[in-house]
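Each remark here refers to the structure printed beneath this line.
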Amino acid sequence: MYCILRRKAVVSASHLADCAAMSDPSTFDKKQAVLKNVFGFPNFRPGQEAVVDALLSGKDVLAVMPTGSGKSLCYQIPALVLGGLTIVVSPLVALMQDQVSALQLTGVLAGTINSSRDRSDNIAVWRRAAAGELRLLYLSPERLMTDRMLGAITRLKVDLIVIDEVHCISQWGPAFRPEYEDLTRLKTLFPEVPIAALTATADEVTRSDIAARLFPKRPPRVFVAEFDRPNIHLSVEMRRDWKQQLMALVSTHADESGIVYCLSRRKTEETAAFLADQGVTALPYHAGMDGFERTANQNRFLTEKGVVIVATIAFGMGIDKPDVRFVFHIDIPGSLEAYYQEIGRAGRDGQSASASMLYGFDDIRMRRQFIEQEESTDERNRREHKRLDALIGYCEAATCRRRVLLAYFGDRIEKCGNCDVCQNPITLADGTTEAALALSAVVDTGELYGAAHIIDVLRGASTQKIARAGHQSIATYGQGADLGKEEWRTIIRQLVAANLLRLDIEGYGGLKLTDDGGALLRGEKTFSYRVYAVKPDRKRKP
Ligand code: ADP
Ligand code: ZN
């Protein structure tokens with residue numbers, strides 16, 4: 001069976017079959033729990049879940065996913081959910097060691113037996129595997145395929161066999177390894193054990209060759225990750241007047257289904273009421289609602305024409321409505337993984353659809369605060385901040401947005417022609433002088449104030465706050481009066497996005513200089529910024 005993730009209809013049908021075939025109904029909860037509690041990820045990345053489900057339902061799988069897309073999780077999660085032993089064959093001894101160390105750090109019982117380690121270490125790992133103490137055992141193909149090892153393994157409860165870098169098995173592949181050939185015996189030796197064959201590179205000929213060699217009797221489920229959903233138009237706008245911006249999109253989709261995502265339950269209710277006022281059939285959906293009403297709203301969305309559902313992220317799990325024509329984000333989500341998943345609910349029928357998102361300062365501050373508030377390790381927080389950085393990078397993209405989005409998942413394209421940036425190329429302007437002014441104003445006011453006050457200072461406003469702090473006497477006061485408030489907001493936001501300034505989220509949300517910001521002030525760095533086509537509020541004086 002051959003299925004491409006992009007062809008959603010095909011995936012959904014077989015995917016549903018996999019879900020149904022999972023013997024234990026709580027398997028869904030278990031895989032989600034492992035994803036979150038062991039690996040610390042709130043969402044699957046594109047492509048991962050379908051592979052996990054196929055393996056959990058006992059199918060053989062051949063998955064082709066680009067490097068960096070998160071292949072390892074596709075078998076690590078089943079390994080932990082299944083609970084027996086998973087054998088992972090990999091040709092790269094150094095990488096095996098890395099993987100095992102990373103797993104051990106997260107508390108997963110993993111080990112490796114390979115030629116770079118002491119014999120006594122190898123024996124100790126084997127003893128643990130034999131005693132049922134390991135979930136994952138990494139081996140080189142030569143190690144695994146000895147009669148002694150195979151005999152020993154047959155006596156254990158092996159739940160899953162994984163062959164990483166499986167293209168090495170094919171003469172057609174770019175890196176044929178003779179020792180991989182022997183792995184073709186695995187299916188005969190372990191007919192009951194599902195085999196996951198994974199690679200980042202395999203064209204169609206190579207894929208068929210791999211499938212024929214490893215799975216001579218029954219073809220595997222084939223997943224080729226193509227993350228692109230080219231029919232979804234992508235755009236991001238600065239938040240100015242969200243109601244007006246929302247209506248601008250909704251009115252181009254009269255009588256069509258859409259999803260509007262908000263951060264809070266209250267905003268969900270408010271937005272649904274606002275849309276209803278405008279004559280749109282809009283219904284709220286959030287976790288705080290009465291279950292009966294929530295299900296009723298979801299059913300209306302699924303069955304009636306032209307219903308807009310206004311939801312928190314809770315909405316969408318398992319929703320497979322083909323004709324959702326738009327997804328609108330009033331607030332930014334937590335990561336590009338979440339974003340991809342949410343916009344992926346649009347245009348499943350392959351017809352054109354649009355994904356539009358508003359973005360502003362408050363989003364960055366709020367999201368950073370969320371991360372800090374989580375009871376979590378520093379390491380995990382750092383990772384979450386980096387994830388958020390990637391999303392901000394997407395919002396501020398100066399090249400094709402789809403290119404930025406797909407690059408994050410390991411896929412490459414040049415330009416899509418179906419995003420706001422491709423359609424209205426961004427003008428980048430040199431903003432080094434403006435940046436230096438803004439950074440100086442931040443430093444001279446003691447790195448305590450938020451963007452609004454800094455902008456007042458730069459534009460020479462006479463506010464009470466300025467009078468009280470005596471800021472009319474600092475050198476930068478009034479030096480930026482030739483730019484409008486909105487332009488300064490844009491510049492400062494991009495200074496934050498480019499990590500020249502940061503928001504002090506532990507304190508009161510003031511702006512602080514970063515090391516890179518210091519470098520710019522010393523003349524060691526330049527700064528260019530996106531000039532937005534729409535420039536509201538170009539008043540010269542405050
Ligand atoms: P590959 O083997 O495909 O090259 P990896 O398995 O090494 O990719 O994963 C690449 C990166 O993606 C890793 O840093 C991993 O932590 C991250 N990653 C994997 N799955 C997820 C997920 N569901 N959410 C967020 N990050 C993920
Ligand atoms: Zn594009």
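Could you list, in sequence order, the residues of the stretch 181-204 that are surrounded by fewer than 24 Cβ atoms within 10 Å (Cβ to Cβ), outside any loop (DSSP other than H, G, I, E, B) and hydroxyl-bearing (Ser, Thr, Tyr)?
THR184, THR188
Step by step: first the residues of the stretch 374-411, then only those that are within 14 Å of ligand 1 (Cβ to nearest atom) and acidic (Asp, Glu), then the one that is nearest to THR201 (Cα to Cα). Which residue is that?
ASP411
Can you name the residue in the stretch 207-241 that is over 19 Å from TYR394 (Cβ atoms), touching a helix residue (DSSP H, G or I) at 6+ places or on another chain (Cβ under 7 Å) and touching a residue at least 60 places away in the same chain (Cβ under 8 Å) and is also surrounded by the most Cβ atoms within 10 Å (Cβ to Cβ) among such residues?
Among them, the one singled out is ILE210.
ASP228 passes all but one of (1) modelled with pLDDT of 90 or more; (2) within 16 Å of ligand 2 (Cβ to nearest atom); (3) of a type in the set (Asp, Glu); which number fails?
The failed condition is (1).
Residue-by-condition table, conditions (1) modelled with pLDDT of 95 or more; (2) more than 20 Å from the chain's Cα centre (by Cα); (3) more than 8 Å from ligand 1 (Cβ to nearest atom):
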position: VAL38; (1), (2), (3): no, no, yes
position: ARG45; (1), (2), (3): no, no, no
position: GLU49; (1), (2), (3): no, no, yes
position: VAL52; (1), (2), (3): yes, no, yes
position: ALA79; (1), (2), (3): yes, yes, yes
position: GLY83; (1), (2), (3): no, yes, yes
position: VAL100; (1), (2), (3): no, yes, yes
position: GLN104; (1), (2), (3): no, yes, yes
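So MET357 ticks every box in (1) under 30 Å from LYS512 (Cβ atoms); (2) of a type outside the set (Asp, Glu); (3) modelled with pLDDT under 90; (4) surrounded by 22 or more Cβ atoms within 10 Å (Cβ to Cβ) but one. Which box is left unticked?
Of the numbered conditions (1) under 30 Å from LYS512 (Cβ atoms); (2) of a type outside the set (Asp, Glu); (3) modelled with pLDDT under 90; (4) surrounded by 22 or more Cβ atoms within 10 Å (Cβ to Cβ), the odd one out for MET357 is (3).
Select from the stretch 136-154 the residues that are surrounded by 11 or more Cβ atoms within 10 Å (Cβ to Cβ), among the hydroxyl-bearing types (Ser, Thr, Tyr) and touching a helix residue (DSSP H, G or I) at 6+ places or on another chain (Cβ under 9 Å) and write down the one among them that is modelled with the lowest pLDDT.
Taking the stretch 136-154 and keeping what is surrounded by 11 or more Cβ atoms within 10 Å (Cβ to Cβ), we get 136-146, 149-150, 152-153.
After this cut, where a residue has to be among the hydroxyl-bearing types (Ser, Thr, Tyr) as well, the list is 138, 140, 146.
Next, from what is left, pick out any that are touching a helix residue (DSSP H, G or I) at 6+ places or on another chain (Cβ under 9 Å): 138, 140.
Working: TYR138: 96, SER140: 91.
So, considering only residues that are surrounded by 11 or more Cβ atoms within 10 Å (Cβ to Cβ), among the hydroxyl-bearing types (Ser, Thr, Tyr) and touching a helix residue (DSSP H, G or I) at 6+ places or on another chain (Cβ under 9 Å), the one modelled with the lowest pLDDT is SER140.
Counting only residues that are open to solvent by 20 Å² or more (accessible area, probe 1.4 Å) and either in a helix (DSSP H, G or I) or more than 24 Å from VAL496 (Cβ to Cβ) (or both), how many does the stretch 382-396 have?
9
Taking the stretch 107-135 on its own, how many of its residues are farther than 28 Å from PRO178 by Cβ and open to solvent by 70 Å² or more (accessible area, probe 1.4 Å)?
5
The values are calculated or read from the model by the stated rules, or taken from the named source; none is laboratory data. The structure displayed is predicted, hence computed values, not measured ones. When we count neighbours, we look across all protein chains shown, and the Cβ atoms used for this are built from the backbone with ideal geometry, even at glycine. For the accessible areas, the whole protein counts, side chains as well, though only heavy atoms, and no ligand, DNA or RNA atoms are used. Shrake-Rupley method; radii C 1.70, N 1.55, O 1.52, S 1.80 Å.
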